[in-house]
1. Within the range 254-270, track down each residue that is touching a Phe, Trp or Tyr at 6+ places or on another chain (Cβ under 9 Å) and either part of a loop (DSSP other than H, G, I, E, B) or not small (Gly, Ala, Ser) (or both).
2. Quick check: is even one residue across the range 381-395 of a type in the set (A, V, I, L, M, F, W, C) and in contact with a Gly (Cβ under 9 Å, 6 or more places away or on another chain)?
3. Looking at the range 131-153, which of its residues are out of contact with any Pro (no Cβ under 8 Å at 6 or more places or on another chain) and either crowded, with 16+ Cβ neighbours inside 10 Å or assigned to a loop (DSSP other than H, G, I, E, B) (or both)?
4. Closer than 23 Å to THR634 by Cβ and either of a type in the set (A, V, I, L, M) or in contact with a strand residue (DSSP E or B) (Cβ under 7 Å, 6 or more places away or on another chain) (or both): does that describe SER484?
5. With respect to LYS626, determine if the residue is over 30 Å from LYS264 (Cα atoms), touching an Asp or Glu at 6+ places or on another chain (Cβ under 8 Å) and either outside the structural domain of ALA400 (by TED's automatic domain parsing) or not hydrophobic (A, V, I, L, M, F, W, C) (or both).
6. Find the residue count for the range 278-290, including only residues that are out of contact with any Gly (no Cβ under 9 Å at 6 or more places or on another chain), surrounded by 15 or more Cβ atoms within 10 Å (Cβ to Cβ) and part of a loop (DSSP other than H, G, I, E, B).
7. Six or more apart or on different chains, Cβ atoms under 6 Å: show the pairs whose first residue is in the range 492-510 and closer than 21 Å to ASP583 by Cβ and whose second is surrounded by fewer than 15 Cβ atoms within 10 Å (Cβ to Cβ).
8. Please state which one of ALA251, ALA325 is out of contact with any helix residue (DSSP H, G or I) (no Cβ under 8 Å at 6 or more places or on another chain) and under 25 Å from ALA99 (Cβ atoms).
Amino acid sequence: MAFEKLLSPVRIGNVTLKNRVVMAPMGVGFAPGENKINDAYVRYFEARAKGGQGLITTPVATIDDTTCGIAEPGAFNLTEPEDAEGIRRIADAVHSFGAKVSVQLCHPGRQSMTYWNHDQQPVAPSAIPENEYLQMPRELSIEEIRSIVRKFARSASFAVSGGADGIELHAAHGYLINEFISPRANHRTDEYGGSFENRMRFLKEIMAAVKAVLPEHCFLAVRLNVMDDVEGGITLEEGKKIARYVESLGADALSFSAGTYSCKFTLIEPQLFEEGCRTDWLSEMKGVVSVPVIAVNHVKRPATAEWMLDEGLCDLVALGRQMMADPEWTNKTAAGKADQIRYCISCGACINCSGRGEMLRCSVNPKMSKETVYTDEAFLRNGNGRKVIVIGGGPAGLEAATLAAQKGFAVTLYEKSGRTGGCFDLPRTVPGMEKMGWSVDAFTARAVAEGVQIHLNTEIRSAEEIRRIHPYAVIVATGGKKISLRLKGIEKPHVVQAEEVYLNPLKYTGRKAVVIGSGFTGLEAAHLLAERGNDVRIFELDDEIGKRISGDGSVKNRSALLEHMAELNVKMHPSMNTKEITDTEIVAENLVSHEMETYEADLVVQALGYRPDNSLLDAFDGCAEKVIAIGDCTGIGNIIGATSDAYEAVWNL
């Protein structure tokens, strides 16, 4: 596929972009405490520009640090003349690879927090909280509104003096500008509230003030909510009216999105959502405006982006967390290597890090946030053809094998099963989870492209087998062993591990199924069975289904699964201790009532997780100069730990 439209030039105002790929603005929080652009920011943007994107959009820049205007911990300030130098560093790095850079300006309004804003109370058009977990804001005065308008213009002037090619005003996602526009948030009775024109006044004044300081060679884009997707907020029809009005005010481009912090799944789609899940409302915006339209649509694959352009849904395609997953997305697309793209799996690991106030990391890209450590200058191609054996073909093993081959080692990978990916690959059969399979296929394709010899259905168990090869290093990535219950009836033929359901979903229809365990493995297996028309129950020892799933992003994924399974009539049974399995029933103790309960079951699925499988470590000790254990065989963790562990181990090999 040539991707002719995606890779073709496009103009925004007086700025020509080399292609239609936009890196969407995403908070990364690289400057906690100091709120200044640092080496981490510069290297991060440099890597994405080097990856071939036409336009790089920065995360929100703070325009006001005195009126609770810091949108997130670690955001960089653009409030003083000297802050322009940080923009200069980013612009120089981005321009050196032929990309353009726009700086997003934003005031968070009521979607901010006192504790990262020097104890300032959040502000809003009206004293109405966004939802129960955010703080009560105070209403802005007329004088404060006009001061914030001036601060937007001041920050814009600093950005363009630092070399930015454009400014994007964030008027979406429930932040301050969106709050003024939305009748749900704006209950004012003065000139900034009430009528459509009054609710648009704040944005109108900001646009006029910013345009007054923009040179002709810079563009002004506005990110708008097509709809708020909450009761009482902006509707799709009003979104069309807003878009036309903002175009009339002189916007050079519009970026369409939706949602506020009150939306469950609109702002950041959970793992269950398919590519193109915003297509319905994006298609409604087709033809509403004539300026270039930038759109996000949960895009992972280049073919989906090209399809969006062919369908006229937009003029430029913006990718968010996919750009965290693979900064080389566009270069790989242009080079015919789309099969090697590190596909974002929407797992929420990056959001989990953000929620904990940590540096963002990515499950499939170990270099994310470590661009200052894993640099081209520090990379040592020191393998010199020495042999490295990798045992285990899951993500950790594949990542280690690929990097070792890039370093010049002669790498052979042995996988005892007939497929790569390990347990990470299993959910590919679950509706909406196909992206997991794409990711495993890409892990494998990268390894093969680097010359890794992969042997499937080959189990290495003895030290003698290793010694005959004379390797320099043995990397053990054997993952974990499935945990199995010990109780009466567990050996019956209708009792299976979740893996069997994943690998053979067509085998199970019309069953009365009980899934034991409600981690992601259990939830996804239950979902798959329910989609296949089975009558499904979930038994969980804890007092809540999915209780041990933690982190903002992971909880969002759990919520999406549970909501969908409720629609499929999956029954949830927390506080259940399974005691016995018969040919037709399952018996469990209800830990609340302390009574024994019996349910029909002709399929019982164990989804209890894994324990580390490090049985080979001692056996291989002394078989090579280096024997290294990585991933889940060292202690069950998650995909982000497995890939990061593998990358660091081989980087230092």
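The values are calculated or read from the model by the stated rules, or taken from the named source; none is laboratory data. Please read these numbers as outputs of a predicted model, since none were measured by experiment. Note that we place each Cβ from the backbone using ideal geometry, even for glycine, and neighbour counts take in every protein chain shown.
1. Taking the range 254-270 first, the residues touching a Phe, Trp or Tyr at 6+ places or on another chain (Cβ under 9 Å) are 256, 258-261, 265, 267.
Once the filter is applied, which keeps residues that are touching a Phe, Trp or Tyr at 6+ places or on another chain (Cβ under 9 Å) and either part of a loop (DSSP other than H, G, I, E, B) or not small (Gly, Ala, Ser) (or both), the range 254-270 yields PHE256, GLY259, THR260, TYR261, PHE265, LEU267.
2. Quick first cut of the range 381-395, residues of a type in the set (A, V, I, L, M, F, W, C) only: 388-391.
So of that shortlist, the ones also in contact with a Gly (Cβ under 9 Å, 6 or more places away or on another chain) come out as 390-391.
Checked against the condition, which is being of a type in the set (A, V, I, L, M, F, W, C) and in contact with a Gly (Cβ under 9 Å, 6 or more places away or on another chain), the range 381-395 yields at least one hit.
3. Filtering the range 131-153 for residues out of contact with any Pro (no Cβ under 8 Å at 6 or more places or on another chain) gives 131-133, 141-153.
The answer is ASN131, GLU132, TYR133, SER141, ILE145, ILE148, VAL149, LYS151, PHE152, ALA153.
4. Here the answer is yes, as SER484 does meet what is asked.
5. Details: over 30 Å from LYS264 (Cα atoms): yes; touching an Asp or Glu at 6+ places or on another chain (Cβ under 8 Å): no; either outside the structural domain of ALA400 (by TED's automatic domain parsing) or not hydrophobic (A, V, I, L, M, F, W, C) (or both): yes.
Considered against the rule, which asks whether it is over 30 Å from LYS264 (Cα atoms), touching an Asp or Glu at 6+ places or on another chain (Cβ under 8 Å) and either outside the structural domain of ALA400 (by TED's automatic domain parsing) or not hydrophobic (A, V, I, L, M, F, W, C) (or both), LYS626 comes out as no.
6. Result for the range 278-290: 2.
7. Matching pairs, first to second residue: THR509/GLY533.
8. On the way: ALA251 fails: out of contact with any helix residue (DSSP H, G or I) (no Cβ under 8 Å at 6 or more places or on another chain).
After applying the criteria, what remains is ALA325.
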